[in-house]
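A.B. asks: Next up is a structure, given as structure tokens.
A short reminder: the numbers here are calculations on the coordinates, not readings from a lab. Remember, predicted model here, so these are calculated numbers, not experimental data. Neighbour counts run over all protein chains shown; Cβ positions are idealised from the backbone, glycine included.
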Amino acid sequence: MFSSPLHDRGVIARWRPYLPVTDATPVVSLNEGSTPLIHSPKLSALVGRGCEVFVKYEGLNPTGSFKDRGMTMAISKAVEGGAKAVICASTGNTSAAAAAYAARAGITCIVLLPAGKIALGKLAQAFMYGSKVVAIDGNFDDALRLVREIGETEPIAIVNSINPFRLEGQKTASFEIIDVLGDAPDVHIMPVGNAGNISAYWLGYREFHQLGKATKLPKMIGFQAAGSAPIYYGKVVENPDTIATAIRIGNPASWSLASAAMKDSGGACDIVTDEEILAAQRWLAANEGIFVEPASAASIAGLLKCQSDRRCDVCPMRFIPEGSRIVCTVTGHGLKDPDVAKDAIRGISTAPAEKSAILRLL
Ligand code: AN7
């Protein structure tokens, strides 16, 4: 199977033949991608029935989320097109990636954020990477609408996932999974917010399948947060709400592409509650040593919901078939959102600086 010595030079270097770039494209990269696909024995045991579960740990990208894969493409193409400034709306991770890659390219980055709803680590990134930050009195959907309006009249390139180069970059995660497993998995589970990423994975899986690099296509199962689940409910959510602020989105831009991915693959769109998300986040950190942000834990919460002893009303599969290879994408690093970990920190024990006192506490 395909193995490349370019894996440490970023997704454009590694996957160049499959991306819309030419020799004239100035590659703006932070060596993103080639993230680990970690086998999870405990999740495999939980699912049972001979299934094997792997976690695609996208939090290990340069800015701590999968957005870097799309942003290396979007910023490279923006610079190729002569852009001096880029703009995005974001729930935090897109803006972190846009700010970092724009800094690398030496161009201006403007980010519109829903005020008060951005995890602390992501807000810190937007400022540290030197972007112009505007917090709007509205939610992500309002911010994206404003970005579209600004893009119509101003000479500023939009780097949200409505920019098709974003999905092109993000599809490389599927290529990497096929590269490691030697084939596509049977089932792929991931969180859905603005719905670009699941659309991009499906693009990547289909492309490698058509090229004969995979013998099958996975069933794509997307999980939305119960309070922000427009695709699941089939209607725009005016006031989306969830602890998983990354996917607090009521009117996803890639709605139809994502719906097609889930339907055409024989998968499904389902929901997980905030309680299920937080429990899965803690479980994954404490049992597999993988700390992810709440939105990412929606994948794991979703997998637990798909577990073999619970018949699913939503999914045409009803059960995950015996012996399935399952990949869960965990999209962002746990350190992005330190505030949600505060409850865990509250249990801290204090002791005088003496060995005996410490041993008494253990
Ligand atoms: C950690 O940063 O939409 O379904 O503005 O940050 O492709 O939107 C983030 C989305 C999942 C959902 N996990 O992906 C943004 C933004 C994390 C995320 C998603 C996001 P999409």
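A.B. asks: Going down the table (Lys67/Lys213; Lys56/Lys122; Lys171/Lys213; Lys171/Lys219; Lys42/Lys305), which pairs top 19 Å between alpha carbons?
C.D. replies: Working: Lys67/Lys213 25 Å; Lys56/Lys122 21 Å; Lys171/Lys213 14 Å; Lys171/Lys219 16 Å; Lys42/Lys305 15 Å.
From Lys67/Lys213; Lys56/Lys122; Lys171/Lys213; Lys171/Lys219; Lys42/Lys305, over 19 Å: Lys67/Lys213; Lys56/Lys122.
A.B. asks: Once you charge only the Cβ atoms, +1 for Lys and Arg and -1 for Asp and Glu, what is the size of the charge dipole of the range 62-136 about its Cα centre, to the nearest 20 debye? Spell out each step's value before the answer.
C.D. replies: Details: 8 positive and 2 negative charges, 11 e Å.
With only Lys, Arg, Asp and Glu charged at Cβ, the dipole is about 60 debye.
A.B. asks: While we're here: What value does the range 121-252 have for Rg/Rh, both radii from Cα atoms and Rh as Kirkwood defines it?
C.D. replies: Working: Rg = 17.0 Å, Rh = 16.7 Å.
Computed over Cα atoms, the ratio is 1.02.
A.B. asks: Placing +1 on the Cβ of each Lys and Arg and -1 on the Cβ of each Asp and Glu in the chain, which of Ala124, Ile110, Ile358 has its Cα farthest towards the positive end of the resulting dipole?
C.D. replies: Ile358
A.B. asks: Then there is this: With a Förster radius of 45 Å, plug the Cβ-Cβ distance of Ala45 and Lys355 into 1/(1 + (r/R0)^6) and report the FRET value to the nearest 0.05.
C.D. replies: Details: r = 38 Å, r/R0 = 0.84.
Approximately 0.75, to the nearest 0.05.
A.B. asks: Roughly speaking, what is the stretch gain from Leu120 to Lys132, that is 0.36 nm per residue apart minus the C-alpha to C-alpha distance, in nm to one decimal? The partial results should precede the final answer.
C.D. replies: Working: separation 12, 0.36 × 12 = 4.32 nm, distance 1.65 nm.
Additional length available on full extension: 2.7 nm.
A.B. asks: Taking 0.36 nm per residue of separation and subtracting the Cα-Cα distance, what length does fully extending Asp339 through Asp23 add? Don't skip to the answer; put the middle values down first.
C.D. replies: Values: separation 316, 0.36 × 316 = 113.76 nm, distance 4.40 nm.
Contour length minus the Cα-Cα distance gives 109.4 nm.
A.B. asks: Sticking with this structure for a sec: Under 1.5 on a/c is rounded, so check that first for the chain, then, if it is not, pick prolate when a/b is larger than b/c and oblate when it is not; a ≥ b ≥ c are the square roots of the alpha carbon gyration tensor eigenvalues.
C.D. replies: Working: a/c = 1.40, a/b = 1.13, b/c = 1.24.
Judged from the Cα gyration tensor, the chain comes out rounded (a/c under 1.5).
A.B. asks: Given Cα positions, please report Rg to Rh for the range 20-126, the hydrodynamic radius being the Kirkwood one. Numbers along the way, then the final one.
C.D. replies: On the way: Rg = 17.0 Å, Rh = 15.4 Å.
Over the Cα atoms of the range 20-126, Rg/Rh equals 1.11.
A.B. asks: Aspartates and glutamates within cross-link reach of Lys117: Cα-Cα under 19 Å, excluding same-chain residues under 8 positions apart?
C.D. replies: Asp137, Asp141, Asp142, Glu238, Asp241, Asp274, Glu275, Glu293, Asp337, Asp339, Asp343
A.B. asks: Shifting gears a bit: Quick one: compute the contact order of the range 188-295, relative version, from alpha carbon pairs under 8 angstrom and 6+ residues apart, as a percent. Working shown, then result.
C.D. replies: Working: 179 pairs, mean separation 33.5, N = 108.
Dividing the mean separation by the residue count of the range 188-295 yields 31 percent.
A.B. asks: Let me ask something additional. Relative contact order for the range 136-221: what percent, with Cα pairs under 8 Å and sequence separation of 6 or more? Walk me through the numbers on the way to the answer.
C.D. replies: Numbers: 86 pairs, mean separation 24.0, N = 86.
It comes to 28 percent, rounded to a whole number.
A.B. asks: Please give the peptides 317-323, 159-165 ranked by average Cβ packing (other Cβ atoms within 10 Å per residue), highest first, as a rough proxy for protection. All intermediate terms of the calculation are to be shown ahead of the outcome.
C.D. replies: On the way: 317-323: 14.6, 159-165: 23.6.
Ranked by mean Cβ neighbours within 10 Å, highest first: 159-165, 317-323.
A.B. asks: Right, here's the next one. Report the relative contact order of the chain, percent, no decimals, based on alpha-carbon pairs under 8 angstrom and at least 6 residues apart. Could you put the intermediate results ahead of the total?
C.D. replies: Details: 782 pairs, mean separation 66.8, N = 362.
This gives 18 percent for the chain.
A.B. asks: Okay, next question. Going toward the positive end of the dipole of the range 234-316, with +1 on Lys and Arg Cβ and -1 on Asp and Glu Cβ, which of Ile271, Trp255, Thr245 do you reach last?
C.D. replies: After comparing all options, I get Trp255.
A.B. asks: Still on this model: Based on other C-beta atoms within 10 Å, arrange Tyr57, Tyr18 from fewest to most.
C.D. replies: Numbers: Tyr57 22, Tyr18 17.
Going from least to most buried by this count: Tyr18, Tyr57.
A.B. asks: If you don't mind, another one. Taking the Cα centre of the chain as the origin, how large is its charge dipole in debye, to the nearest 20, when only Lys and Arg (+1) and Asp and Glu (-1) carry charge on their Cβ atoms? Walk me through the intermediate numbers first.
C.D. replies: Working: 36 positive and 35 negative charges, 82 e Å.
Its charge dipole is roughly 400 debye.
A.B. asks: If you don't mind, another one. Per the chain: cysteines with no other Cys C-beta under 4.7 angstrom?
C.D. replies: Cys51, Cys88, Cys109, Cys269, Cys306, Cys328
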